[in-house]
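Asks: One structure, pasted below without further comment.
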Amino acid sequence: MSLHAEIEKVAKQYPESRSAVLPALRLAQEEYGWLSRDALEQVGEALGLTPAYCMSIASFYDMFHLEPVGTHTVEVCTNVCCGLVNAQAVLEAFEQVADALDLTPAYCMSIASFYDMFHLEPVGKHMVEVCTNVCCGLVNAQAVLEAFEGELGIAPGETTVDGTVTLRAVECLGGCSTPTIVAVDHRYRESVTPQDVPAIVQELRSAG
């Protein structure tokens with residue numbers, strides 16, 4: 001089905017064709033990757049609107065691209081809520097790495113987001129990572145994780161209110177011979193049981 005036909009089909013769901021401009025722009029962007037002048041003209045023609053009107057709508061929303069973009073798009077929210085928890089610092093960190101290696105921030109983000117060892121949000125002074133892969137899972141990894149949740153009062157992926165400890169559930173820590181493995185500040189604790197958890201948490205709290 002042509003883009004023109006797809007837009008006309010969508011427009012039939014609205015009382016006025018003008019109301020379908022957002023989904024029509026989305027269809028055009030999916031087709032071409034960005035909204036060129038030609039794409040805007042096609043949208044306008046299908047809806048009986050001027051390219052200028054389509055441009056006025058597309059330029060208002062961040063989700064539409066008025067210039068060519070890469071295969072992957074990394075978008076960092078910098079509004080009030082995200083800005084209060086270091087959105088700008090995350091963006092600047094990627095820009096610094098990209099600049100040093102002559103890479104794009106988007107490429108750096110694609111690598112960092114793939115690996116568990118990189119943190120894309122602020123973390124606590126101490127890191128507790130509980131392996132939840134098969135070997136550890138068979139010997140009560142879930143119970144160990146739940147014990148940490150109870151002692152710390154947070155869920156995996158969260159940090160205690162005082163910023164002391166971040167709890168994470170990770171896929172594999174490579175210590176399959178001595179499960180359950182818990183990495184505390186990147187040092188392995190072997191054969192951890194739920195009964196060991198209170199002492200580990202107390203140790204971290206004492207360390208400050």
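The values are calculated or read from the model by the stated rules, or taken from the named source; none is laboratory data. As the structure is a prediction and not an experimental result, all values here were calculated from the model. Because the Cβ atoms are built from the backbone with ideal geometry, glycine has one as well, and the counts that use them run over all protein chains shown.
Asks: If we keep just the residues of the range 106-140 that are surrounded by 20 or more Cβ atoms within 10 Å (Cβ to Cβ) and within 25 Å of Ser206 (Cα to Cα), which is nearest to the chain's Cα centre (by Cα)?
Replies: This residue is Glu129.
Asks: Right, another one. Name the one entry in Leu40, Leu103, Leu91 that is over 30 Å from Asp196 (Cα atoms) and in the same structural domain as Ala11 (by TED's automatic domain parsing).
Replies: Exactly one residue qualifies, and that residue is Leu40.
Asks: Any idea how many residues of the range 97-125 are touching a strand residue (DSSP E or B) at 6+ places or on another chain (Cβ under 8 Å) and part of a helix (DSSP H, G or I)?
Replies: Residues that pass the stated criteria total 0.
Asks: Return a yes/no flag: does the range 126-136 have any residue that is part of a helix (DSSP H, G or I) and touching a Cys at 6+ places or on another chain (Cβ under 6 Å).
Replies: Scanning the range 126-136, I find at least one residue that is part of a helix (DSSP H, G or I) and touching a Cys at 6+ places or on another chain (Cβ under 6 Å), so the answer is yes.
Asks: Conditions first: (1) assigned to a loop (DSSP other than H, G, I, E, B); (2) under 30 Å from Val197 (Cβ atoms). Val76 passes all but one, so which condition is the exception?
Replies: Here Val76 meets the rest and fails (2).
Asks: Report whether or not Met63 is closer than 30 Å to Val123 by Cα and either modelled with pLDDT of 90 or more or not in a loop (DSSP other than H, G, I, E, B) (or both).
Replies: The answer is no for Met63.
Asks: Looking at (1) under 30 Å from Glu95 (Cβ atoms); (2) at pLDDT 90 or above, can you tell me which one Leu145 breaks?
Replies: Failed condition: (1).
Asks: Looking at the range 175-198, I want the residues that are within 15 Å of Val128 (Cβ to Cβ) and have a partner that is basic (Lys, Arg) and in a strand (DSSP E or B) with Cβ atoms under 6 Å, at least 6 apart or on another chain. Which pairs are those?
Replies: Partner pairs satisfying both residue conditions: Val182/Arg189.
Asks: How about the range 26-60: which of its residues are part of a helix (DSSP H, G or I) and of a type in the set (A, V, I, L, M, F, W, C)?
Replies: Leu27, Ala28, Ala39, Leu40, Val43, Ala46, Leu47, Ala52, Cys54, Met55, Ile57, Ala58 - these are the residues of the range 26-60 that are part of a helix (DSSP H, G or I) and of a type in the set (A, V, I, L, M, F, W, C).
Asks: Condition (residue is in contact (Cβ under 8 Å) with a residue 24 or more places away in the chain, assigned to a loop (DSSP other than H, G, I, E, B) and either under 30 Å from Thr104 (Cα atoms) or touching a Lys or Arg at 6+ places or on another chain (Cβ under 8 Å) (or both)) applied to the range 5-25: is it met by at least one residue?
Replies: no
Asks: Mind listing just one residue for me: the one in the range 156-205 that is among the charged types (D, E, K, R) and outside any loop (DSSP other than H, G, I, E, B) and, of those, surrounded by the fewest Cβ atoms within 10 Å (Cβ to Cβ)?
Replies: Within the range 156-205, the match that is surrounded by the fewest Cβ atoms within 10 Å (Cβ to Cβ) is Arg187.
Asks: Answer yes or no as to whether Val144 is in contact (Cβ under 8 Å) with a residue 40 or more places away in the chain, over 21 Å from the mean Cα position of the chain (by Cα) and not in a helix (DSSP H, G or I).
Replies: Spelling it out, it is not the case that Val144 is in contact (Cβ under 8 Å) with a residue 40 or more places away in the chain, over 21 Å from the mean Cα position of the chain (by Cα) and not in a helix (DSSP H, G or I).
Asks: Oh, and also: Within the range 27-69, how many residues are without any contact (Cβ under 8 Å) to a residue 12 or more places away in the chain, surrounded by 15 or more Cβ atoms within 10 Å (Cβ to Cβ) and out of contact with any helix residue (DSSP H, G or I) (no Cβ under 7 Å at 6 or more places or on another chain)?
Replies: Total meeting the criteria: 1.
Asks: Could you grab me the full set of residues in the range 180-196 that are touching a Gly at 6+ places or on another chain (Cβ under 8 Å) and of a type outside the set (Phe, Trp, Tyr)?
Replies: Ile181, Glu190
Asks: Just name the residue that is surrounded by the fewest Cβ atoms within 10 Å (Cβ to Cβ) out of those in the range 86-105 that are within 20 Å of Val123 (Cβ to Cβ) and of a type in the set (A, V, I, L, M).
Replies: The residue in question is Ala89.
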